[in-house]
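Only one structure is covered here, and it is reproduced in the block below.
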Amino acid sequence: MADVFVSRRIFDQAIEQVEDAGHTVRCNDTSRILPTDELIDRTRDAEGLICLLNDPIDADVLDACPNLKVVSNVAVGYDNVDVEAATERDVLVTNTPGVLTETTADLTFALLMAAARRIPEADVYSRADRYDGWELMQPHMGVDVYGKTLGIWGMGRIGQAVARRGYHGFDMDIIYNSREPKPDAEAELDAEYVEFDTLLERSEFLSIHTPLTPETEATFDAETFERMNDEAILVNAARGPIVDEDDLAAALKAGELRGAAIDTFEDEPAVNQQLAEIEEFVVLAPHIGSASRETRLEMAEMAAANMVAGLEGSVPPNLINEDAL
Ligand code: DGY
């Protein structure tokens, strides 16, 4: 029987799953992100930690919690965990891939549509009772989505699911750049692998789906925006720090790209105020890519299953660091 700490509110079903396996579960039952010293205090004696994507689990945390055997991150992205440090200390790290793919792709496409057709602006306008009657030259004229070129940067699971929506639903031409070509996506979606520069030049919608790594951080900065198609709408439902938000706001103001649909911020939970001031063709959301009830429950249950497997000495189904075994 092990002691497991859960860093934030999660579903009761997931907690019961761990308890039913015979473990003791303690929770931070609030929405408050624990400062690192408090997270350490409460995890110090635990063998398992279920944490969220905004709990930084670095070497200091791991050293302060010497009994830890399993860190189960309730997210597919795990840039918040120092996996190398965990591996050196034989701590298993797990994530929750797959279950959120379609939900995140839905939200990505919804944001893309909302920016292109200026839905949030139209909503605010209607609620303010400013609609005076239909006219040809209406104030919220957007741009078409169907038949346009959709560029995907990072053709993994979520990138492909977004591309599928564009190709099958909106007759879009799919171009992509990824660490490696994806023949299956090319066959299914008639997708064309292009160099990164070509992706910037040709995409009318450019959707980011890479993990956050030292290599991808701030890839989208002033210099990148200059090279993008002036008509493009940038979509980021991956990780905020991949985009330099000040540079994005400046580029939007300078007309170097048309718009942006942003679900993840550079310094969450802070929302960049320069971006927030731009209304036309800009949509902002508070990291809700996977936030459907069904998907968040599946993520929590998957994290619990990873924890239970790791604690009982089996290989967790979603183990990231096999070398820690
Ligand atoms: C993840 O799981 O990494 C997502 O960002 C959560 O929505």
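The values are calculated or read from the model by the stated rules, or taken from the named source; none is laboratory data. The model shown is predicted, which means the values in this text are computed figures rather than measured ones. Here Cβ is always computed from backbone atoms with ideal geometry, including for glycine, and neighbour counts include all displayed protein chains. Surface accessibility is based on the protein's heavy atoms, side chains included, excluding ligands, DNA and RNA. Shrake-Rupley method; radii C 1.70, N 1.55, O 1.52, S 1.80 Å.
Computed from phi, the 3J(HN,Hα) profile of the stretch 288-298 under the Karplus parametrisation 6.51, -1.76, 1.60 (θ = phi - 60°) reads 10, x, 9, 7, 10, 4, 4, 5, 5, 5, 4 Hz, with x in place of Gly and Pro.
Probing with 1.4 Å while keeping every protein chain in the model, the per residue accessible area of the chain equals 47 Å².
Can you give the % of DSSP beta bridges in the chain that are antiparallel, to the nearest 5? Intermediate results must be reported in sequence, preceding the final value.
Values: 2 of 40 bridges.
Here the share of antiparallel DSSP bridges comes out near 5 percent.
Spin-label model, Val194/Ala291: points 7 Å from Cα along the beta carbon direction are separated by 3.2 nm.
The alpha-carbon of Lys182 sits under 24 angstrom from the alpha-carbons of these lysines, leaving out residues fewer than 8 places away in its chain: Lys148.
In nm, what is the difference between 0.36 nm times the number of residues separating Glu201 and Asp171 and their Cα-Cα distance?
Numbers: separation 30, 0.36 × 30 = 10.80 nm, distance 1.99 nm.
Full extension from Glu201 to Asp171 adds 8.8 nm.
The modelled label-to-label distance between Gln273 and Asp29, using points 7 Å beyond Cα along the C-beta direction, is 3.7 nm. Any chance you could list P(r) for the chain, counting all Cα-Cα pairs in 20 angstrom bins from zero, rounded to whole %? Percent of Cα pairs in each bin: 31, 51, 17, 1.
Taking loop as defined by DSSP and a crowding limit of 10 other beta carbons within 10 Å, which GluC sites (Glu not before Pro) in the stretch 80-185 fit?
Numbers: sites: Glu84, Glu88, Glu102, Glu121, Glu135; in loops: Glu135.
Here the GluC sites (Glu not before Pro) that fit, given the DSSP loop and packing criteria, are Glu135.
Helix 101-116 versus the longest principal axis of the chain: what is the Cα-based angle in degrees, 0 to 90, to the nearest 10? Once rounded, one gets 30 degrees. Test of understanding: in a Gaussian network model of the chain with alpha carbons linked when under 10 Å, which of Gly313, Gly147, Gly255 would top the mean-square fluctuation ranking? Highest fluctuation among the options: Gly313. Our note on the geometry: Cα centres of the stretch 52-81 and the stretch 275-313, 16 Å apart.
Please find, in a Gaussian network model of the chain (springs between Cα atoms separated by less than 10 Å), the residue of Val81, Val25, Val162 whose mean-square fluctuation is greatest. Result: Val25 has the largest fluctuation of those listed. What FRET efficiency comes out for the pair Ala59/Leu136, r = Cβ-Cβ distance, R0 = 45 Å, nearest 0.05? Efficiency computed from Cβ-Cβ geometry: 0.15.
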